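In what follows, a structure is listed as structure tokens, so that the remarks can point back to it.
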């Protein structure tokens, strides 16, 4: 059996702000926050809550659901750009805090909103190459710690979260072929310069989502010999409502119920937005045979897409 | 043909300090610097020279040697813990500075001295999974920018460098099975806390190299059905002369000519020390049939080992 996703769990911090808070703080109309940005709530890590703490909380939920696997984890990859320390890597702290044995591969992946899709391919491949049974891909960011609270471009959008994806040999979701892309020329579109806060060039990101990403989605469908009509769910990175609508229009699925939106409940959780969205699909463990197009895009600029296929249970 | 190493090139900055400089700056005996630490020269990136610049310089050397591959690179992974920016990832800047097409996967790997061995497995696996022909693993660190110039534990040891390893389907070095390990309990042994410089607990690192790493080397030999006597070269992370001697003693190869040392010429270049050392082996492209044990260990704590096998050319 090919390696794929066996389970997903996520963690959200206790602290949050509502669309009402955001609207009043920034002098926005509440409709603008809830409809154009698309957010009703963003989550904010506690003052002493670090990326590794959120990663550990998400993994603990996995272990609660699957107590059999705790001793069998052979690799933990943490995808983050807000690590606890510049060094060591956050995945080593996760290994420590979970009390796991030393016989485990831990490494960090440095990517933003495309990180879940990239990471899925990286961890799957690493496990197959090294003949491992169980691994965990964690996506975890604490953007609240790098955001200027007065920045109306970023504060009402980004949300802290972690997702833990169990990867193993009895998957309910198996990735087909992947596409990957990079445009470093636009590296300044989303950036943290030394001792500065996160800067986002909303227009630059918008143009990217309106032009490059639709082409990538077409390419992903092509290499997997599938058409738009074959897809049961479109799970795009939950960038913002406006971005999701633009992207949906561009590929001809505007207003389509197949386009998943859960941004309102969670905010833009960076690399965790796709696994969290996947977890909201309720019929996914039903009859099987579903095709889910996932696509992550953002900081870098970077993008990656694949199709997840559920098994038809016969 | 299995995916492996086709070529290695490295880059060292122009600025350097000699053992004489280090001895006088820290009040050390020059013998201590040259024999116990084992360093005659450390390299220091220019004031405006960033990790991506050094990575690009190393890759350009690869492209000079192999002009055929520039347009064929499908993945660039940069292993670093001193990225240009907290975000975006340094590999996106490398893609931009090299003027490569957008149809390329770029991601960063967050690991220190074990990063080359981990990265080799990650990139090899990623390429096999995604059926890619050519990829580059870059290891690049500018520790000089996080080191307190007055710290006698770290300043006389660490050196800035980048190495670019071309990975492809006509390798001269093919990795056999890998071992990986992590001990996050000792995460404070080598750490950069917020707005502080690099801290190194020399004794903690020493104990790790004297106990955990020898066991890992034994395990690596075992899973590859090889014995110490079968190994033609031992290419350990060039931590310090003292560490290399300790490790060699522990596995019974003290003073053996098969234990490679090039620390004196380059300093401890973190994740680049193994690829740079590999590049110093001159008979490697000769008759083939060599077995090279490589092992990276350090910050995390983290370690990884494998055996590189050269093809017997018949």
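Select from region B:79-92 the residues that are crowded, with 24+ Cβ neighbours inside 10 Å and farther than 18 Å from residue B:144 by Cβ and list them in ascending order.
If the condition is that a residue be crowded, with 24+ Cβ neighbours inside 10 Å and farther than 18 Å from residue B:144 by Cβ, then B:87, B:88, B:89, B:91, B:92 are the ones that fit.
Could you list, in sequence order, all residues of region A:231-246 that are part of a helix (DSSP H, G or I) and in contact with a helix residue (DSSP H, G or I) (Cβ under 8 Å, 6 or more places away or on another chain)?
First pass over region A:231-246, keeping only residues part of a helix (DSSP H, G or I): A:241-246.
Across region A:231-246, the qualifying residues are A:241, A:242, A:243, A:244, A:246.
Please specify each residue of region B:64-73 satisfying the condition of being out of contact with any helix residue (DSSP H, G or I) (no Cβ under 9 Å at 6 or more places or on another chain) and not in a loop (DSSP other than H, G, I, E, B).
First pass over region B:64-73, keeping only residues out of contact with any helix residue (DSSP H, G or I) (no Cβ under 9 Å at 6 or more places or on another chain): B:64-68, B:71-72.
Within region B:64-73, B:64, B:65, B:67, B:68, B:71, B:72 meet the criteria.
Considering each residue of region B:113-136, count those that are closer than 17 Å to residue B:174 by Cβ and part of a loop (DSSP other than H, G, I, E, B), and give that number.
The number of residues fulfilling the criteria is 2.
What about residue A:85, is it at pLDDT 95 or above, touching a helix residue (DSSP H, G or I) at 6+ places or on another chain (Cβ under 6 Å) and not in a helix (DSSP H, G or I)?
So residue A:85 does not fit the description; no.
Test residue B:174 against the criterion of being in contact (Cβ under 8 Å) with a residue 40 or more places away in the chain, more than 10 Å from chain A (Cβ to nearest Cβ), touching a strand residue (DSSP E or B) at 6+ places or on another chain (Cβ under 8 Å) and within 26 Å of residue B:37 (Cα to Cα), and give yes or no.
Values: in contact (Cβ under 8 Å) with a residue 40 or more places away in the chain: yes; more than 10 Å from chain A (Cβ to nearest Cβ): yes; touching a strand residue (DSSP E or B) at 6+ places or on another chain (Cβ under 8 Å): yes; within 26 Å of residue B:37 (Cα to Cα): no.
For residue B:174, the condition - in contact (Cβ under 8 Å) with a residue 40 or more places away in the chain, more than 10 Å from chain A (Cβ to nearest Cβ), touching a strand residue (DSSP E or B) at 6+ places or on another chain (Cβ under 8 Å) and within 26 Å of residue B:37 (Cα to Cα) - is not met.
Table: residues versus (1) over 15 Å from the mean Cα position of the chain (by Cα); (2) modelled with pLDDT of 95 or more; (3) farther than 29 Å from residue A:94 by Cβ.
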site: B:212; (1), (2), (3): yes, yes, no
site: B:217; (1), (2), (3): yes, yes, no
site: B:226; (1), (2), (3): yes, yes, yes
site: B:247; (1), (2), (3): yes, yes, no
site: B:255; (1), (2), (3): yes, no, yes
site: B:294; (1), (2), (3): no, yes, no
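Residue check, residue B:95 against (1) touching a helix residue (DSSP H, G or I) at 6+ places or on another chain (Cβ under 9 Å); (2) buried (at least 23 other Cβ atoms within 10 Å of the Cβ); (3) closer than 26 Å to residue B:299 by Cα; (4) free of Cβ contacts under 8 Å to residues at least 24 places away in the same chain, all met but one. Which one?
Residue B:95 satisfies every listed condition except (3).
One line per residue, one yes/no per condition, for (1) under 17 Å from the mean Cα position of the chain (by Cα); (2) more than 30 Å from residue A:80 (Cα to Cα); (3) assigned to a strand (DSSP E or B); (4) at pLDDT below 95:
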site: B:10; (1), (2), (3), (4): yes, no, yes, no
site: B:39; (1), (2), (3), (4): yes, yes, no, no
site: B:48; (1), (2), (3), (4): no, no, no, no
site: B:52; (1), (2), (3), (4): yes, no, no, no
site: B:75; (1), (2), (3), (4): no, no, yes, no
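Within region A:137-165, can you find the residues that are within 14 Å of the chain's Cα centre (by Cα) and either surrounded by fewer than 21 Cβ atoms within 10 Å (Cβ to Cβ) or not in a loop (DSSP other than H, G, I, E, B) (or both)?
A:137, A:138, A:139, A:140, A:141, A:143, A:158, A:161, A:162, A:163, A:164, A:165
I'd like to check something: does region A:40-63 contain any residue that is within 8 Å of chain B (Cβ to nearest Cβ), farther than 25 Å from residue B:75 by Cβ, in contact with a helix residue (DSSP H, G or I) (Cβ under 6 Å, 6 or more places away or on another chain) and touching a residue at least 12 places away in the same chain (Cβ under 8 Å)?
No: region A:40-63 contains no residue that is within 8 Å of chain B (Cβ to nearest Cβ), farther than 25 Å from residue B:75 by Cβ, in contact with a helix residue (DSSP H, G or I) (Cβ under 6 Å, 6 or more places away or on another chain) and touching a residue at least 12 places away in the same chain (Cβ under 8 Å).
Do the conditions hold for residue B:72, that is, is it more than 9 Å from chain A (Cβ to nearest Cβ), touching a strand residue (DSSP E or B) at 6+ places or on another chain (Cβ under 9 Å) and touching a residue at least 40 places away in the same chain (Cβ under 8 Å)?
On the way: more than 9 Å from chain A (Cβ to nearest Cβ): yes; touching a strand residue (DSSP E or B) at 6+ places or on another chain (Cβ under 9 Å): yes; touching a residue at least 40 places away in the same chain (Cβ under 8 Å): yes.
Yes: the conditions hold for residue B:72.
If you go through region B:105-136, how many residues are surrounded by fewer than 21 Cβ atoms within 10 Å (Cβ to Cβ), without any contact (Cβ under 8 Å) to a residue 60 or more places away in the chain and at the interface with chain A (Cβ under 7 Å from one of its Cβ atoms)?
Here the count works out to 2.
Name the single residue, out of those in region B:187-206 being touching a helix residue (DSSP H, G or I) at 6+ places or on another chain (Cβ under 6 Å) and either at pLDDT 95 or above or surrounded by 15 or more Cβ atoms within 10 Å (Cβ to Cβ) (or both), that is nearest to residue B:275 (Cα to Cα).
B:205
Tell me which of these residue B:209 doesn't satisfy, since it passes every other one: (1) within 12 Å of another protein chain (Cβ to nearest Cβ); (2) surrounded by 22 or more Cβ atoms within 10 Å (Cβ to Cβ).
Single failed check for residue B:209: (1).
Among the residues of region B:85-103, is there at least one that is more than 8 Å from chain A (Cβ to nearest Cβ), farther than 24 Å from residue A:193 by Cβ and over 22 Å from the mean Cα position of the chain (by Cα)?
Looking through region B:85-103, at least one residue is more than 8 Å from chain A (Cβ to nearest Cβ), farther than 24 Å from residue A:193 by Cβ and over 22 Å from the mean Cα position of the chain (by Cα).
Take region A:181-197 and flag every residue that is more than 8 Å from chain B (Cβ to nearest Cβ) and in contact (Cβ under 8 Å) with a residue 12 or more places away in the chain. Step through it out loud before you land on a result.
Taking region A:181-197 as the starting set, the residues that turn out to be more than 8 Å from chain B (Cβ to nearest Cβ) are A:186, A:188-189, A:195-197.
Hits for region A:181-197 are A:186, A:188, A:189, A:197.
The values are calculated or read from the model by the stated rules, or taken from the named source; none is laboratory data. Since the model is a prediction, treat every value here as computed from it, not as a measurement. For neighbour counting, all protein chains shown are included, and Cβ atoms are generated from backbone atoms with ideal geometry for every residue, glycine included.
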